[in-house]
Amino acid sequence: MDNYFEIKDLKVGFKTFEGIKKVLDLEFLSICKGETFGLVGESGSGKSVLALTILGLLPIPPGIIESGQILYGGEDLLKKREEEMRKIRGKKISMIFQDPMSTLNPVFTVGEQIIRVIRNNEGINRKQAEKKALEMIELVKLPDAKNILIKYPHELSGGQRQRIIIAIALSCGAEFLIADEPTRNLDVTIQAGILKLIAELKKELKVTVLFIANNLGLVSAVCNRVGILHEGRIVETGTVKEVIKDPKHPYTVTLLKAIPANREEKIDLSRILLRRENGQETGGCRYFDRCPERSGQCSKSSPSLTPVDGSHLVACFKAFERSGINEQTAS
Amino acid sequence: MFGKMFSPEVLKPQIRELKLSIYLLNKNKLTRLSMITVILLIAFAILAPFIAPYPSHIYGIANPQDKLLPPSAKYIFGTDELGRDVFSRVLYGTRISLQTAILAVGLALLIGIPLGAIAGATGGYVDEIIMRITDIFLSFPPLLLAIAIAAFLGPNLQNAMLAIAISWWPWYTRLVRGQAVSIRERQFVKAAKAIGTPHFKIVFGHIVPNCIAPVIVQASMDLGGVILTAASLSFLGLGAQPPTPEWGLMVSTSRNYFLNAWWYSFFPGIAIFITVLAFNLLGDGLREIMDPKTRKY
Amino acid sequence: MKTFIAKRLLLGILVLFGVILITFTLTRVIPSDPAAQWVGPRATAEQIKAARIELGLDKPLYIQFGKYLQNLLRGNLGYSLKSHQPVLNELKTYIPATMELVLLSTIGAIFIGLPLGVMSAKRKDEWVDHICRFFSVGAVSLPTFWIGIFLQLVFYRWLGILPMGDQLSMNIKLMYNIPKITGFLTLDSLITGNFIVFKDALTHLILPGITIALYPIGLVARMTRSALLEILNEDYIRAARSYGLPERMVLWSYALKNSLGPTVTVVTLSIGYTLVNTFLVESIFSWPGIGNYVATAVISLDYPAIMGVTIFSACAYVILNLIADIIIALDPRVRI
């Protein structure tokens, strides 16, 4: 495993009137150069907060970064000044947001928006930038690129907009792309097109992708490795094959059952729907309330992310027991 | 059943809401300060005749020997051209200003709420006519309308009040109409209609009571602006007439003397400023507290 | 676009008609007799009767209204009861001075109020924001007429560095004759190259200018702040930042262009309010504009004059709103 991108002990919270609410508590996450890493979690598990934190765009306050490191090429992004981060955004790390309808500025033409980003990041003149913008639009496989440039966002369809957004995100040579549920608000047929495009561009431009989704099925189709995020913690991570074929964490098991095609037995929805009270810290495993396999130990201490075999890591006492590993308790 | 209704489990969201409101109020020192100021102003308005050091000066006996004296221990805000205590008059002015503003807004509500409720609940051409009239009134500055109306009605405080009410009601009509349109579609109104309740009973029995709360809140936020408008009318000679201790009128009269008696115009003016500022800040603060966008954390 | 403008134009005409109807109704329900006003306090009953016929007051109301409308369309606003001069002519002499103040305060609103609002939104909940907010709420809470007096007290009476009122000093008025080109004294003196007059006019403009500009500056700052705060929460702003665009561009171009609608609306609103505020301020500074004219008319109950000013202000306001609506309609989201 190289040290391309690593997150260590990242703790992010939000200040609320009832005290600090913990949103992210990531022990460890590593992404290799050139791979597509899928991060799966239900809404509210902290996926988008993680994406914003990486780019240094988390609004502070109310957000608070309590501790941790985000290492990118060996450098800690959390220690960088805003001016340095600005040079990384767009040029090194870029992001695609979930909702193509609201991600483009409604009062500028598409062309103006791409050209501004290109000119700003590359310092070239307008003519060159226009040429580059045309190339980018062709790259994301939109026909009639010249015509698209002079359109306003509201004149384009959701799929077209998402392609434009991908074009903007990749227009300045970013090598690391964070895709935050890029197909969430699109029709199924268009979803497939966008996924295919991301996969192709990844190969063509050799970018590394952090693919965030709420659907394990989607992730298994496009990613090399996955991480399962539950209430701000990674509970299981490994290659797609490892996690799908041999899920170790009860939460992953439930998620897999929730994919309609895999559903052979009836699942207990009441457990899935049960959510913990906001901000309630028991000190135990965060999945305790919903876990079908819980035992007394789980309510007292929190399991640490531990390798079970090869690159497959899991944070569950029961899984440790089954694999014959000593208990690892998180701090 | 009722036991369950009020159990802590059921009331949790409401309790949380209340806690959040108190927290937001506490966080915003400016809002708290303005709230205290408003409470003090109301106290002054009620107690003015009793706490004024020279109650007889309020409406007027002249004391020529104490004419235009600067602030001193005897007259802390100085005296005016007739030798009256400016402090006593400014204090009493609180009562006049608040009274005028509350009555004017009340009158505007009395016109605005029924019209808005009728427009929203009835729909069709009735709605169209009422709202077009409202548009006409809304399409020029309220002070201009108030000045024109007050000028034509004749200069006195009652007419100024009436003029303000006439130029202010359309805001409430618009607000109530919006509410009424949404309430019209609610189940209990449809149910009332289904059992044959007369239309006017639906409007005043069901719709008005259900849309009154936000209008009252809006109206209390408007008090600052109304106080300023009333003072402006009096300043132009279109509101209170001498010897009424109205702030705007006092500033207006002071214009003949202020170059050598700064206190005479200064204190009534600062009284207007503090009062309007307190109401505006309180309104801003309350709006922020009630805004769902700022409530999210 | 064309139908949109036509629609707005129609609504504007409807509004003006409404204003005229309201003011006309008011003049006819007033307790005092316009005819008696016209001939003066010591007139005989015969004279009043003659005046009534002369003014057309003996005819039925709808004929009076028709006549009134007809006159308005010809630009005839009636005669001032006090000076017996056509109200229109009087307005014409007073409007430029008022426009000078209104224009100045609008410039202030745009070039001071707007940046203040942007700064406040950018530094939300920091001390810059608190100061900006306090200033802007303070500015809209200040009694305009009082701050005028207060400034006179400080800068004329105590410091003695600025004149108390009027457009020019008496000696300069007597010594120089400035031809009317634009009607704006400062501009005219500049065009004719008369720098002595220009400097004098400028010093006379400072106090009334500040007095009248405070309200629109506060109003625009307040509205800009709240409009921007809403926009800064939008996804496309976050996205723009994620592309590495400088904060300067995100704020002043990406966000501000989106707040064009509310900003134009509030600037228009503030121009309308400023026009009415001149009614309060001009008399304090003896500024020879329509505000001063109407303040005098109000005291002497000169109804045609009051009505003329009301109709003029309403017209100006309707036209301004029309312009604002057209500017807002240039927004690509509205343009269909």
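The values are calculated or read from the model by the stated rules, or taken from the named source; none is laboratory data. In this text the structure is predicted, and so the values were computed from the model without any measurement. Cβ placement follows ideal geometry from the backbone for every residue including glycine, while neighbour counts extend to all protein chains displayed.
Structure values in brief
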| item | result |
| --- | --- |
| Meets criteria (within 28 Å of C:Q167 (Cα to Cα), assigned to a helix (DSSP H, G or I) and of a type in the set (A, V, I, L, M, F, W, C)) for C:M119 | no |
| Scope the stretch C:140-196; condition at pLDDT 90 or above, outside any helix (DSSP H, G or I) and of a type in the set (A, V, I, L, M, F, W, C); matching residues | C:L142, C:L159 |
| Qualifying residue in the stretch B:13-25 (condition: surrounded by 12 or more Cβ atoms within 10 Å (Cβ to Cβ), within 30 Å of C:I131 (Cα to Cα) and modelled with pLDDT of 80 or more) | no |
| Residue selected from the stretch B:139-196 under the condition among the polar types (S, T, N, Q) and crowded, with 19+ Cβ neighbours inside 10 Å, by the criterion nearest to C:I306 (Cα to Cα) | B:S167 |
| Selection status of C:Y68, at negative phi, in contact (Cβ under 8 Å) with a residue 24 or more places away in the chain, not charged (D, E, K, R) and not in a loop (DSSP other than H, G, I, E, B) | yes |
| Test: residue in the stretch A:170-178 that is among the aromatic types (F, W, Y), in contact with a Leu (Cβ under 8 Å, 6 or more places away or on another chain) and surrounded by 16 or more Cβ atoms within 10 Å (Cβ to Cβ) | yes |
| Filter pass, A:E175 being in contact with a strand residue (DSSP E or B) (Cβ under 8 Å, 6 or more places away or on another chain), more than 10 Å from chain C (Cβ to nearest Cβ) and either charged (D, E, K, R) or under 28 Å from C:E247 (Cα atoms) (or both) | yes |
| Hey, C:I206 of a type in the set (A, V, I, L, M, F, W, C), within 12 Å of another protein chain (Cβ to nearest Cβ) and in contact with a Leu (Cβ under 7 Å, 6 or more places away or on another chain) or not | no |
| First in the stretch A:114-129 and farther than 17 Å from C:V250 by Cα, second anywhere and in a helix (DSSP H, G or I), Cβ under 6 Å, 6 or more apart | A:A129/A:I115; A:A129/A:I118; A:A129/A:R119 |
| Scan of the stretch C:10-27 for residues that are exposed (fewer than 14 other Cβ atoms within 10 Å of the Cβ) and at pLDDT below 80, ordered by number | C:T25 |
| Flag if C:V264 is part of a helix (DSSP H, G or I), of a type in the set (V, I, T), within 14 Å of chain A (Cβ to nearest Cβ) and in contact with a helix residue (DSSP H, G or I) (Cβ under 8 Å, 6 or more places away or on another chain) | yes |
| Among the residues listed as A:R126, A:R86, A:R81, the single one being facing another protein chain (nearest Cβ under 9 Å) and more than 17 Å from the chain's Cα centre (by Cα) | A:R86 |
| Residue in the stretch C:275-295 that is free of Cβ contacts under 8 Å to residues at least 60 places away in the same chain, more than 13 Å from chain A (Cβ to nearest Cβ) and not in a helix (DSSP H, G or I) present | yes |
| Spans of strands (runs of 3 or more DSSP E) in the stretch A:1-55 with at least 1 residues in contact with a helix residue (DSSP H, G or I) (Cβ under 7 Å, 6 or more places away or on another chain) and of a type in the set (S, T, N, Q) | A:36-40 |
| Filter result (charged (D, E, K, R) and at pLDDT 75 or above) within the stretch A:291-313 | A:D309 |
| Helices (runs of 4 or more DSSP H) contained entirely in the stretch B:182-297, each with at least 2 residues that are within 13 Å of chain C (Cβ to nearest Cβ) | B:208-235, B:247-254, B:262-290 |
| Count - residues of the stretch C:74-116 that are in contact with a helix residue (DSSP H, G or I) (Cβ under 8 Å, 6 or more places away or on another chain) and part of a loop (DSSP other than H, G, I, E, B) | 8 |
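The rows are residues; the columns are (1) more than 11 Å from chain B (Cβ to nearest Cβ); (2) closer than 20 Å to B:T253 by Cβ.
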position: C:S120; (1), (2): yes, no
position: C:E126; (1), (2): yes, no
position: C:S136; (1), (2): no, no
position: C:T144; (1), (2): no, yes
position: C:Q152; (1), (2): no, yes
position: C:Y156; (1), (2): no, yes
position: C:L159; (1), (2): yes, no
position: C:D166; (1), (2): yes, no
position: C:I181; (1), (2): yes, no
